[in-house]
Amino acid sequence: MTAIDTPSTKNVGITRLRKEDAHLITGQTNWTDNLQLTGMLHVALVRSPMAHAKVTSVDVSAALDQPGVVAAFTGADLADNWAAGLPCAWPVTPDMVSPTHLPIATDEVRYVGDAVAVVVAQSKYQAADAVEFVEVEYEPLPAVVNMEAAIADGSPLADTTLETNKSFTWQKIDGEIDDAFDGAAHITTRRFVNQRLIPTAIEPRSVVCSPPREHAEYTMWSTTQVPHILRLMLALTCGVPEQELRVIAPDVGGGFGSKLNVYAEEALLLVLARKLRKPVKWTETRSEGYQATCHGRDQVQDLSIAFNEDHTIRGLKVELLADMGAYLQLVTPGVPILGAFMFNSIYKMDALSFTCHGIFTNKTPTDAYRGAGRPEATYGIERLIDEAANELGVEPFELREKNWIKHEEFPYTTIAGIEYDSGNYEAATARAKELFDYDGLRAEQVERRASGDPVQLGIGISTFTEMCGLAPSRVLGSLSYGAGGWEHASVRMLPSGKAEVVTGTSPHGQGHVTSWSQIASDALGVPYEDIEVRHGDTAIAHKGMDTYGSRSLVVGGYAVQVACDKVIAKARKVAAHLLEAAEDDLEFDGGTFSVKGSPDVSTTIQDISLAVFAAHDYPEDMEPSLDSDATVDPENFSYPHGTHLCATEVDTETGEVTIRKYVAVDDIGKVINPQIVEGQIHGGLAQGIAQALWEEAVYDEQGNLKTGSLLDYYVPSAADMPHFDLDRTETPATTNPLGVKGVGEAGTIASTPAVINAVVDALRPMGVNDVLMPASPSNVWNAIQAASAGNTDGGAA
Amino acid sequence: MTKVEITVDGTSTEHEVEPRLLLVHYLRDVLGRTGTNVGCDTSNCGACTIHMDGQSVKSCTVLAVQADGSTVDTVEGLADPVEGEAGWHPLQRAFHEEHGLQCGYCTPGMIMASKGLIEDNPNPSEKEIRDGLEGNLCRCTGYQNIVKAVQSAAAEMRGDTKVEVEV
Ligand code: FES
Ligand code: FES
């Protein structure tokens, strides 16, 4: 697919080259770390080298003597500055255990990287140097690193102020689960592991905070996905009145969930700006971020699926251990429970039981990472279906097709109680098989198996759906989430006939400026070039719920459409007044109102904007303004789906895995900008494939992060990544006027099981039934060795 | 403190610096030329890639004092600022047209590394591009459109009529 950029009055559905790019490709950027403010001081943190310890003393006096050092504080020095601990906005159960999480620890550290003191100096080199002079005495405590050990009797505690390592048990049972299993003709049971990952947005986190100057407000620039949420939460954490805090997310270099949080350093910099009355800046080093920025995944899944004689599914049991790490960050406990709605995926069944235990360990807290709960669930069910198909002796597609929701059955209320509005799994699958040459590759696989080729061919399937577009506020309420899921947009018509669109979403690579311009251009009839989109500053976009969970287009784009529609409704009134016609007699097309049957009697949106600005002559029953606000609350989640197929070559002698072909056919409903959508899928695929093949955050038994830098944590490069073949089917969403579905996370959610299913498929003749992720040569080799010794589960159990 | 003289994007600069100051920090913090980014502390990510005396290097692996007397070119010097889009380097145009960037944080390094790659090999294959950019990480794009952009820019720089590239 190649870019086109022909001017047209119709913008939605065509590729428009991004408005965002010009400053990014020329280096005229606006990253937080670029900021240099007069008198700005630099902050460095002293972090615990121990996973768990009592802090017996912290002495900053020697640091204060170092060149350039202006101030240094211990956790105790700052303890009075916090109105509350760092927030967890998702108390999933009423009795959820949540440790108090101070930005700087006072007497106990609970993971490697937990902050114990802070140094402020005139330069960042001086601040980093002075950190070495802070003397901290620790009394080591036993580290809790393994979830099963953590909940075994007699386990030491990850937090000695608590009585348990279990934060919560959350359960949801739909249908008669015991009946489903009692009468089953076949049951497949497996344990799968979703390893811990480090999100690694390429821009490290950075925060700048300046004290009040001409306005009585603090200004914070942060590498955040959520400036609006951050503003509210920091106000609560630091006791700063909300109206006295302005948060700006300038250019933000990727997030993937890792910048969807309220971090210790953000609260700390606000407090330091308040104490020191100077602008302050902190930027993490990558290795520091690997300890101090939330990790993702880390879930052990025990799954059982029960079938009838005819291979239809009777029920599914899911029991999860989810590693919270040492503290509950913004949505840590909510991430795994999204699985309660997703393990059933595209399949019909009579019963579903879901139980999730949230466990504390002495590790970096986990939180949302691209997909947040849905990749884990999709991995579990798509691996399980393949295993069941193998046990039942049927083709994996046959078992899927027998059980998935047919296109004529939509809208369909799933066993988990949510309504999938639309979808066509048959169409996406047919297209994927064709593009992949499924039958051809299966035939080759048979030959390669017969010839005993040491490099075996595997074919992996992932037929996925997901729930995104977070979210209908009432559903979030029923899940005890601390806020709603609405989004806001406003449109300001300028006297010159140009328009400003203000959005509550906060993009960091997704291209909202371009896509929102396309939506607004078509809706207002204002040329694409004449639209400016503003975002990411609470003083400009005063209201918003920000960007995560593939929500921006389906909720935020929807709000833009509604706000534009309101402008046009007002403009129609003015047009009728000016043209001396009835509103109903007016047609609106491409920015022009004309009287039906007399196309020459017309006026344009630009003329109307000017007329309303002049306000010499406008209808009596309205204000002289076309501007509008819209706050939309989605009526449902968005359910993109698709079929992904992966062919892997697995060297049975070395364990090396190579992706030979990857086909992704996604159905995300209507599309605003095909090029941006392709980019989202490419990037999503890369992250999901990386989980399958390369990435893992590893801790040793003392709770040290062994993969503590980019040297040891393997983020794939272009040389590792395969070429992707993409196509789309289009089943419009019925729950928003644009017909769109979310796309930000689909590629990640779908791809991990597609790859692992392919690896296992290649090794199936050798008796391998699972391979631990990442499917590194050693994990593959171990699975082969274990299988030849009669153990077929890849080492998971 | 040591005095360094470095020509950056055609302008000579002269400052007293600490011997340990990294070139990337010289560019960003001393000169305020923030077009070049920092993405790691282990020289793995390539976000800081610049050209020093015509060679593509990671500016976090060079001390400012080592660059004394050198000519440094960064992404900020690639385009003619007064010309707007018309003044863009073919690589900048290609990254834009092929959607070779999303958040754009890796982009300055990617573009500078790609420039070095094309100068060494004016007609790189897909594999040569992928291997040649191994030291530059992007977390957003999955690399496919970066590869496309480099192919497209290389074609333009060779003077080929602009071909539709399909990778
Ligand atoms: S900052 Fe230079 S390689 Fe990462
Ligand atoms: S575009 Fe975001 S890291 Fe490459």
Review point. Which net charge results when you count Lys and Arg as +1 and Asp and Glu as -1 among the other residues whose beta-carbon is under 14 Å from that of A:PRO99?
Key: -2
Review point. Residue by residue, what Karplus-based ³J(HN,Hα) values in Hz, rounded to whole numbers, does segment A:70-85 have, using 6.51, -1.76 and 1.60 with θ = phi - 60° and x for Gly and Pro?
Key: 9, 7, 8, 9, 8, x, 5, 4, 9, 3, 6, 7, 9, 6, 7, x
Check your understanding: Measuring from centroid to centroid over Cα atoms, what is the spacing of segment A:394-450 and segment A:553-590 in Å?
Key -> 43
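For segment B:2-77, what does the relative contact order come out to in percent, with C-alpha contacts under 8 Å and a separation of six or more? Write down the numbers at each step before the final one.
Details: 150 pairs, mean separation 31.0, N = 76.
The value is 41 percent.
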Check your understanding: Based on DSSP H runs of at least 4 residues, each adding -39500 (n - 2.57), what is the mean residue ellipticity at 222 nm of chain A after dividing by all its residues, to the nearest 500 deg cm²/dmol?
Key -> -8500 deg cm²/dmol
Check your understanding: Alpha carbon centre of segment A:122-201 versus segment A:643-662: separation in Å?
Key -> 31
Review point. Roughly what would the spin-label model give for A:GLN28 and A:PHE410, points 7 Å off Cα along C-beta, in nm?
Key: 4.3
Revision key, fill the gap. Percent relative contact order for segment A:576-697, counting Cα pairs under 8 Å at least six residues apart, stands at 12
Point to revise | Unit Cα scatterers, Debye sum, segment A:5-70: log10 I(q)/I(0) for q = 0.25 Å⁻¹ | key: -1.15
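Obtain the radius of gyration and the Kirkwood radius of chain B from its C-alpha atoms and give Rg over Rh.
On the way: Rg = 15.9 Å, Rh = 16.2 Å.
Here the Rg-to-Rh quotient is 0.98.
Given Cβ point charges of +1 (Lys, Arg) and -1 (Asp, Glu) and nothing else, what value in debye, to the nearest 20, does the dipole of segment B:2-77 about its Cα centre take? Before the final figure, lay out each step's value.
Values: 5 positive and 11 negative charges, 43 e Å.
Here segment B:2-77 has a charge dipole of around 200 debye.
Indicate the helices, whole DSSP H runs only, in chain B that combine a mean Kyte-Doolittle hydropathy of 0.0 or more with a Cα extent along their long axis of 18 angstrom or more. Can you show the working numbers first?
On the way: long enough: B:107-120 (19 Å, 0.26); B:144-158 (21 Å, -0.08).
Those that clear 18 Å and a mean of 0.0 are B:107-120.
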Review point. Most fluctuating residue of B:LYS148, B:LYS127, B:LYS115 in a GNM of chain B with Cα springs under 10 Å: which is it?
Key: B:LYS127
Review point. Where does each of B:HIS15, B:HIS89 land when they are ordered by accessible area, with a 1.4 Å probe and the largest first?
Key: B:HIS15, B:HIS89
Check your understanding: Where does the charge balance sit around A:LEU234 when Lys and Arg score +1, Asp and Glu -1, over other residues with C-beta under 10 Å from its C-beta?
Key -> -1
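Counting Lys +1, Arg +1, Asp -1, Glu -1, what net charge surrounds A:ARG213 among other residues with beta carbon under 13 Å of its beta carbon? Please report the intermediate quantities before stating the final value.
On the way: positive: A:ARG246, A:ARG277, A:LYS278; negative: A:GLU214, A:GLU217, A:GLU244.
Computed value for this residue: 0.
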Revision key, fill the gap. Quick calc, segment B:84-158, dipole around Cα centre from Cβ unit charges on Lys, Arg (+) and Asp, Glu (-), nearest 20 debye, gives 140
Study note, to complete from the structure: When the charge dipole of the protein assembly as shown is computed with +1 at the Cβ of Lys and Arg and -1 at the Cβ of Asp and Glu, the Cα pointing farthest to the positive end, of A:ALA185, A:HIS641, A:VAL134, is that of A:VAL134
Point to revise | Of the DSSP H helices in chain A, those whose Cα atoms cover at least 18 Å axially and whose Kyte score averages 0.5 or more | key: A:558-579, A:746-763
Review point. Among A:LEU711, A:THR332, A:VAL208, which residue has its Cα positioned farthest towards the positive end of the charge dipole of chain A, with +1 placed on the Cβ of Lys and Arg, -1 on the Cβ of Asp and Glu, and the dipole taken about the Cα centre?
Key: A:VAL208
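Give the accessible surface of chain A per residue, rounded to a whole number of Å², with probe radius 1.4 Å and ligands, DNA and RNA excluded.
33
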Revision key, fill the gap. Given backbone amide H placed at 1.01 Å from N, residues whose amide H is under 5 Å from that of A:GLY642, ignoring those fewer than 5 places away on the same chain, are A:PHE464, A:ASP667
**Study point:** Furthest towards positive pole of dipole, A:PHE354, A:THR729, A:HIS488, structure part chain A, Cβ charges
**Key:** A:HIS488
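How many lysine pairs are close in chain B, with Cα atoms under 18 Å apart and the two 8 or more places apart or on different chains? Write down the numbers at each step before the final one.
Working: B:LYS58/B:LYS115; B:LYS115/B:LYS127; B:LYS115/B:LYS148; B:LYS115/B:LYS162; B:LYS127/B:LYS148; B:LYS148/B:LYS162.
Lysine pairs, 8 or more places apart or on different chains, close enough: 6.
Across peptide B:25-33, what mean number of C-beta atoms from other chains lies inside 10 Å of a residue's C-beta?
Working: counts 3, 0, 0, 4, 7, 0, 0, 2, 2.
Per residue, the average neighbour count from other chains is 2.
Counting only protein heavy atoms, what percent of the accessible surface of segment B:2-77 is carbon or sulfur at a 1.4 Å probe?
Numbers: 1270 of 2880 Å².
The value for segment B:2-77 is 44 percent carbon and sulfur by accessible area.
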Check your understanding: Quick one: putting +1 on the C-beta of Lys and Arg, -1 on the C-beta of Asp and Glu, what dipole do you get for the protein assembly as shown around its Cα centre, in Debye to the nearest 20?
Key -> 880
Study note, to complete from the structure: Ratio for chain A, C-alpha Rg to 2.2 N^0.38 Å, reads 0.99
**Study point:** segment B:1-74 and segment A:705-743: distance between their alpha carbon centers, rounded to Å
**Key:** 33
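Can you work out the FRET efficiency for the pair A:LEU162 and A:GLU139, with r the C-beta to C-beta distance and R0 = 22 Å, to the nearest 0.05?
Values: r = 18 Å, r/R0 = 0.83.
For R0 = 22 Å, the calculated efficiency reads 0.75.
Give the A-B buried accessible area in Å², both sides summed, 1.4 Å probe, nearest 100. Each step should come with its number before you reach the end.
On the way: alone 28430 and 8610 Å², together 32320 Å².
Protein heavy atoms only, the A-B interface buries about 4700 Å².
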Review point. Taking 0.36 nm per residue of separation and subtracting the Cα-Cα distance, what length does fully extending A:MET766 through A:LYS596 add?
Key: 53.8 nm
Check your understanding: Cα-based Rg of segment B:84-158 per 2.2 N^0.38 Å, rounded to two decimals?
Key -> 0.97
Review point. In percent, how large is the relative contact order of chain A, given Cα pairs closer than 8 Å and 6 or more residues apart?
Key: 15
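The values are calculated or read from the model by the stated rules, or taken from the named source; none is laboratory data. Quantities reported herein were computed from a predicted structural model and do not represent experimental measurements. Ideal geometry is used to build each Cβ from the backbone, glycine not excepted, and the neighbour counts take in all protein chains shown. Just so you know, the surface numbers come from the protein's heavy atoms only, side chains and all, with ligands and any DNA or RNA stripped out. Shrake-Rupley method; radii C 1.70, N 1.55, O 1.52, S 1.80 Å.
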